[in-house]
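Okay, structure first, notes after.
The values are calculated or read from the model by the stated rules, or taken from the named source; none is laboratory data. Every value quoted in this text rests on a predicted model; they were computed, and no experiment measured them. No Cβ is skipped: glycine too gets one built from the backbone with ideal geometry, and neighbour counts run over all protein chains shown. Note: areas computed on protein heavy atoms with side chains; ligands, DNA, RNA excluded. Shrake-Rupley method; radii C 1.70, N 1.55, O 1.52, S 1.80 Å.
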Amino acid sequence: MADNGKKPYRLVVNGQPFETRDQIEEGRDILQLAGFAPASDHTLIELTRPGSRSVGLDEEVDLGEPGREEFRAFASDRTFNFTVDERGYEWGSPEISEADLRDISGVPDNKALVLERTDGPDIEIEPGSTVDLATRGTERIRSSGKFVTIIVEATPHQWPKGEKITYAQVVTLEFPDFPQHPERTYSVTYRNGVGQNHEGVLSPGASVKVKEGMVFNVTDTGQS
């Protein structure tokens, strides 16, 4: 990795930035550049977002190609396989965090990560938790929309988890023709809300964050 006067190529290993003057680097060189010695005691994973793959010690990586510059290094002699939405991934640790899963797969926070099971019900991977990749075969994970159940005038409705609902949206759930008659006015109250907004009044133009079991009451005021 001599300084040949060419532009530096930047790479990131375990969140730390490094530079090299060589466009083509072997996995061994990347590990040594990042201070992981001996390289043979470590596994190098390239992050392609979405995707991750192991890089062999003698395998060449072209750092000039877009999306070929971020890596994770592990003190490990093996890799672990899993899928997210049918796309294959490799990892260098027997566990992976929910945060890392989202990072390398691109699944946003407003979707759930679900661990598929054949011997029982599927399991939602909670924020801050980890998935064991070592005890079974290839773990299969899928993304799914997150929803909570809210109650509007005794009728349950599904709503995206963590999202807000507006006055107009609540009224429309109870009176579907409301968008065609915006001149009508309604009294909207709620209870079992989030935090300090446990209960209150939802005024026209306002919104409130929803949670599981939140209850809304909508009353026609007879005004227009």
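Things worth noting here:
- Phi-based couplings in Hz for the stretch 25-36 (Karplus 6.51, -1.76, 1.60; Gly and Pro marked x): 10, 7, x, 4, 5, 5, 4, 5, 4, 8, x, 9
- Its residue count N sets the reference 2.2 N^0.38 Å, and the alpha-carbon radius of gyration of the stretch 121-212 equals 1.48 times that reference.
- Dipole in debye (nearest 20) - the chain, about Cα centre, beta carbon charges: Lys, Arg +1; Asp, Glu -1: 700
- Taking the centroid of alpha carbons for each part, the stretch 1-77 and the stretch 139-207 are 48 Å apart.
- Surface accessible to a 1.4 Å probe, per residue, for the residues of the chain, Å²: 55
- Cross-link partners of Lys161 among lysines, defined as those whose alpha carbon lies under 27 angstrom from its own and excluding same-chain residues fewer than eight positions apart: Lys111, Lys146, Lys209, Lys211.
- Principal axis dimensions, largest first and in whole angstrom, of the stretch 42-194 by Cα: 71, 41, 25
- Counting only protein heavy atoms and a probe of 1.4 Å, the accessible surface of the chain is 46% carbon and sulfur.
- Cβ-based net charge around Lys209, under 9 Å, with every Lys or Arg adding one and every Asp or Glu removing one: +1
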